[in-house]
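> Attaching a single structure in structure tokens format; questions to follow.
The values are calculated or read from the model by the stated rules, or taken from the named source; none is laboratory data. Note that the structure is predicted; figures quoted are calculated from it, not measured. So basically every Cβ, Gly included, is an ideal-geometry build from the backbone, and we count neighbours across all protein chains shown.
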Amino acid sequence: MPKGRAAANLRPMPIVAGVPVKSFSAAKKRLAAVIGPEARIALSQEMARRTCTLLAEVGARPLVLAADTEVARWAKSLALEVVLDQGSDLNQAAAATVALASGEPWLLLHADLPLLDSAVLATLLAAVSDGRAVIVPSRDGGTPAIGASERAFAFSYGPSSFHRHLRQLAASHPTVLVDPRLAIDLDEPTDLEVVRRRVPWMATILDSLDPS
């Protein structure tokens, strides 16, 4: 067998990276006091698009966990792989990522991380690729990112999910990765003002759609 073909056959499969994307009509309602619905939808779509693009750039296989058919159509228009939430909750949708990984390493990553970049994603994926479990805490005790190789994992998203997930991974001695690029999401008006000053594309969207 030619060496080039042998090398290609030995190349590892891309890590499946599930990206939950909420319904755009319900996106970022806690920001309603400071920006209108059009800007909230635009921000949600751009953050999700960037997340999937960055994942692909570092060699992962992005999988949009779509909350509804509108999100699914949006993802497919960008040629992204989609799993449609059939009335289940995020925990069941996340389980679809593990199932699709078929025993290989997998990753769950939130879509609303405006400071996300390829460097921190490469660090995250390197840990998972090496067979290590890795988990990231958010400022409010959530789990913006979690990855492992377990064939079955009981996701438990919601308030204080980080500690519930961490307990499940205890036997794997997980790496706890603390990084603002993975921990800072966009939920409250105060988040918007802080991030807007640091993220040029966000300021552009807000200025063009919600100039007031």
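> For G87, all conditions in the list (1) at pLDDT below 95; (2) in contact with a Ser or Thr (Cβ under 6 Å, 6 or more places away or on another chain); (3) small (G, A, S) hold save one; what is the number of the exception?
Only one criterion in (1) at pLDDT below 95; (2) in contact with a Ser or Thr (Cβ under 6 Å, 6 or more places away or on another chain); (3) small (G, A, S) is unmet by G87, namely (2).
> Follow-up. Quick check on region 126-179: of everything there that is out of contact with any helix residue (DSSP H, G or I) (no Cβ under 8 Å at 6 or more places or on another chain) and among the aliphatic types (A, V, I, L, M), which residue is farthest from L108 (Cα to Cα)?
The residue in question is A171.
> Working only within region 10-62, note down all residues that are of a type in the set (G, A, S) and buried (at least 18 other Cβ atoms within 10 Å of the Cβ). If you could, list the steps in order and put the result at the bottom.
Residues of region 10-62 that are of a type in the set (G, A, S), as a first pass: 17-18, 23, 25-27, 32-33, 36, 39, 42, 44, 48, 56, 59-60.
Correct list: A17, G18, A27, A39, A42, S44, A48, A60.
> Another one. Can you list residue pairs whose Cβ atoms sit under 9 Å apart, with the first residue in region 41-69 being farther than 15 Å from G18 by Cβ and the second being part of a strand (DSSP E or B)? Count only pairs 6 or more apart in sequence or on different chains.
Between residues of region 41-69 that are farther than 15 Å from G18 by Cβ and residues that are part of a strand (DSSP E or B), the close pairs are S44/V21; Q45/V21; T53/P62; D68/L84; T69/L84.
> What is the residue count in region 168-212 for residues that are under 21 Å from the mean Cα position of the chain (by Cα) and charged (D, E, K, R)?
Total meeting the criteria: 8.
> Just name the residue that is nearest to the chain's Cα centre (by Cα) out of those in region 82-120 that are among the charged types (D, E, K, R) and closer than 30 Å to R198 by Cα.
Only one residue fits best here, namely D112.
> OK, next. Against the condition among the charged types (D, E, K, R), surrounded by 15 or more Cβ atoms within 10 Å (Cβ to Cβ), modelled with pLDDT of 90 or more and in contact with a helix residue (DSSP H, G or I) (Cβ under 8 Å, 6 or more places away or on another chain), how does D185 come out, does it pass? Before you say what the answer is, go through the steps one by one.
Working: among the charged types (D, E, K, R): yes; surrounded by 15 or more Cβ atoms within 10 Å (Cβ to Cβ): yes; modelled with pLDDT of 90 or more: no; in contact with a helix residue (DSSP H, G or I) (Cβ under 8 Å, 6 or more places away or on another chain): yes.
Considered against the rule, which asks whether it is among the charged types (D, E, K, R), surrounded by 15 or more Cβ atoms within 10 Å (Cβ to Cβ), modelled with pLDDT of 90 or more and in contact with a helix residue (DSSP H, G or I) (Cβ under 8 Å, 6 or more places away or on another chain), D185 comes out as no.
> Hey, another quick one. Regarding T175, is this residue of a type in the set (S, T, Y) and crowded, with 16+ Cβ neighbours inside 10 Å?
In short, yes.
> So which residues in region 70-101 are touching a residue at least 60 places away in the same chain (Cβ under 8 Å), surrounded by 15 or more Cβ atoms within 10 Å (Cβ to Cβ) and of a type outside the set (A, V, I, L, M, F, W, C)?
Residue satisfying the conditions is T97 alone.
> Follow-up. Using the structure shown, decide if L124 is closer than 28 Å to V194 by Cβ, buried (at least 22 other Cβ atoms within 10 Å of the Cβ), out of contact with any Pro (no Cβ under 6 Å at 6 or more places or on another chain) and touching a residue at least 60 places away in the same chain (Cβ under 8 Å).
Criteria not met by L124.
> Would you tally the residues in region 128-161 being assigned to a helix (DSSP H, G or I), in contact (Cβ under 8 Å) with a residue 24 or more places away in the chain and surrounded by 20 or more Cβ atoms within 10 Å (Cβ to Cβ)?
Matching residues across region 128-161 total 1.
> Step by step: first the residues of region 162-172, then only those that are among the hydrophobic types (A, V, I, L, M, F, W, C) and closer than 20 Å to A101 by Cβ, then the one that is surrounded by the fewest Cβ atoms within 10 Å (Cβ to Cβ). Which residue is that?
This residue is A171.
Conditions (1) over 24 Å from A148 (Cβ atoms); (2) modelled with pLDDT of 90 or more, marked per residue:
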position	(1), (2)
A39	yes, no
R73	yes, yes
A93	no, no
L100	no, yes
L121	no, yes
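> Can you find a residue in region 49-62 that is farther than 30 Å from T204 by Cβ and at pLDDT 90 or above?
Going residue by residue through region 49-62, those that are farther than 30 Å from T204 by Cβ are none.
No: region 49-62 contains no residue that is farther than 30 Å from T204 by Cβ and at pLDDT 90 or above.
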